[in-house]
Amino acid sequence: MPEYIDLHTHTNASDGTLSPAELVQLAKKSGLAAVAVTDHDTMDGVEEAAQTAFNLNIRFIPGVEMGAVYKEKEIHLLGYLLKTPAASISNSVNPIKDIINLPTAGIYNDLYEFAHNRDLRNDEILKRLAADNIILDKKELYFDNPKTQITRAHFARLMIKKGYVKDIKQAFSSYLVYNGKYIPPKTTDVAKVMNFFNKYNFFTSLAHPIQYNFSNKELEQLILYLKNLGLSGIEVHHSSHNLADIMKLKKYALKYRLYPTGGSDFHGENKPDIMIGKGYGGLKIPISVLYDMEKSYTI
């Protein structure tokens, strides 16, 4: 039987609604052969997910999704800590580390700086909303996880709870538009994020390239720029991509010698129409995608 994977998911460590353990359990129940957790600017959910995956005998890949500025526009980059295909369990004290490339202390420390910048941005969002009498308590934004990285989805959920908007769609379209009145632009440069990924030997991929609404020429310029900074792949398979998008991105991947990656961008109830591993229903990412990524990682 064909085996399928999902390399783009979010837990309640950022803007998903499932705990890391619950997400891995769902991946296993859904019949996936492998899953990655790629929360925003944090890997705090990775070790819980890794332990659960180890117990359930499902492949797990630690990951992170980072936002950065490219030509005054926010783009997202995915980073994965892969293992060689030959990795196996030994008689070590912690066999999980033999098969899963867990984040180091250095990675966590560097991510803290990125998270701090996100926190300052969130404070500014609170001020801008308050100026228009939309009063939100920062403590309530954390919901059920006091260590979560607060994102726009957290603002949306709390605005619904407080009655300022009726649903997530209204929250995003009326208040939480990137670089809009209430959302200040990010200041973290793409090169800084790529330097972080390269420092720790992440496999890197450009997330959901179609969502940035670049022209074909602009998108190719972005891909080439990132390639020169060490980009490893392009997220060819994504819930928002149609067949034409997939074919175009496959062409770019081949042209620039980059590896296709893919994932649903699952967020649980924050994006209830997106199913883990299946997207809106038709997404199928074969495990061969992961095998190719791992082979490139060992070269």
message: If amide hydrogens are placed 1.01 Å from N in the peptide plane, which non-local residues have theirs closer than 5 Å to the one on residue 70?
response: 75
3J(HN,Hα) from dihedral phi, segment 134-140, Karplus parametrisation 6.51/-1.76/1.60, rounded to Hz, x for glycine, proline: 9, 9, 10, 8, 4, 4, 6
field: Equivalent ellipsoid dimensions for segment 254-299 as semi-axes, Å, which come from the Cα gyration tensor, largest first
entry: 26, 10, 10
field: Geometric extent, Cα atoms of segment 5-82 - Rg, Dmax (angstrom)
entry: 12.7, 44
Built amide H within the under 5 Å cut-off of residue 261, gap 5+: 234, 235, 236, 237
query: What list of ³J(HN,Hα) couplings, whole Hz, do you get for segment 179-189 from phi and the Karplus terms 6.51, -1.76, 1.60, once you set θ to phi - 60° and write x for glycine and proline?
result: 6, x, 4, 9, 10, x, x, 5, 10, 6, 6
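Could you work out the Kirkwood radius for the chain, taking every pair of different alpha carbons, averaging 1/r and inverting it, reported in Å?
Hydrodynamic radius (Kirkwood, Cα pairs) of the chain is 19.6 Å.
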- prompt: Expressed in nm to one decimal, what extension gain is obtained for the pair residue 179 and residue 74 from 0.36 nm per residue of sequence separation less their Cα-Cα distance?
  reply: 36.9 nm
message: Going by average Cβ density within 10 Å per residue, which order do the peptides 260-269, 228-237, 183-192, 123-132 take, highest to lowest?
response: 260-269, 228-237, 183-192, 123-132
field: Farthest positive-ward along the chain dipole, Cα basis, beta-carbon charges - from 256, 293, 117
entry: 256
- line: Net charge (Lys, Arg +1; Asp, Glu -1) of residues whose beta-carbon lies under 13 Å from that of residue 178, residue 178 excluded, is +3
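Divide the volume of the convex hull of the Cα atoms of segment 1-44 by its number of residues and quote the answer in cubic angstrom per residue.
Dividing the Cα hull volume of segment 1-44 by its residue count gives 57 Å³.
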query: What net charge is computed for the residues neighbouring residue 80, neighbours being all others with C-beta under 14 Å from the C-beta of residue 80, Lys and Arg scored +1, Asp and Glu -1?
result: -3
statement: The size of the Cβ-based charge dipole (Lys, Arg +1; Asp, Glu -1) of segment 240-299 about the Cα centre, to the nearest 20 debye, is 380 debye
query: Near residue 117, within a Cβ-to-Cβ distance under 14 Å, what is the net charge of the other residues, with Lys and Arg +1 and Asp and Glu -1?
result: -4
statement: Among 149, 201, 106, the residue whose Cα sits farthest towards the positive end of the charge dipole of the chain, when +1 is placed on the Cβ of each Lys and Arg and -1 on the Cβ of each Asp and Glu, is 201
query: What do you get for Rg/Rh over segment 140-256 if you use C-alpha atoms and the Kirkwood form of Rh?
result: 1.04
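Could you tell me how many cubic angstrom of Cα convex hull volume segment 1-136 has per residue?
In segment 1-136, the Cα hull volume divided by residue count equals 152 Å³.
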field: 21 Å Cα-Cα threshold exceeded, pairs from 227/248; 97/227; 29/250; 28/250
entry: 97/227; 29/250; 28/250
query: Once label points are set 7 Å from the Cα along Cα→Cβ at both residue 291 and residue 167, what is their separation, rounded to one decimal in nm?
result: 4.2 nm
field: Cα-centred dipole magnitude for segment 6-51, charges only on beta-carbon of K, R (+1) and D, E (-1), debye, nearest 20
entry: 300 debye
task: Determine one quarter of the surface area of the Cα convex hull of segment 87-217, which equals its mean projected area, and express it in nm² to one decimal.
output: 11.5 nm²
task: Order the peptides 242-254, 59-71 from the highest to the lowest mean number of other Cβ atoms within 10 Å of their residues.
output: 59-71, 242-254
message: Please compute the volume of the convex hull spanned by the alpha-carbon atoms of segment 205-299 and report it per residue in Å³.
response: 103 Å³
message: Out of all DSSP beta bridges in the chain, what portion is antiparallel? Express it as a percent rounded to 5.
response: 45 percent
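Values quoted throughout were computed directly from the atomic coordinates according to the rules given, and no laboratory measurement underlies them. Keep in mind the model is a prediction, meaning the values are calculated, not measured. Heads up, the Cβs are rebuilt from the backbone with ideal geometry, glycines too, and the neighbour counts pull from every protein chain shown.
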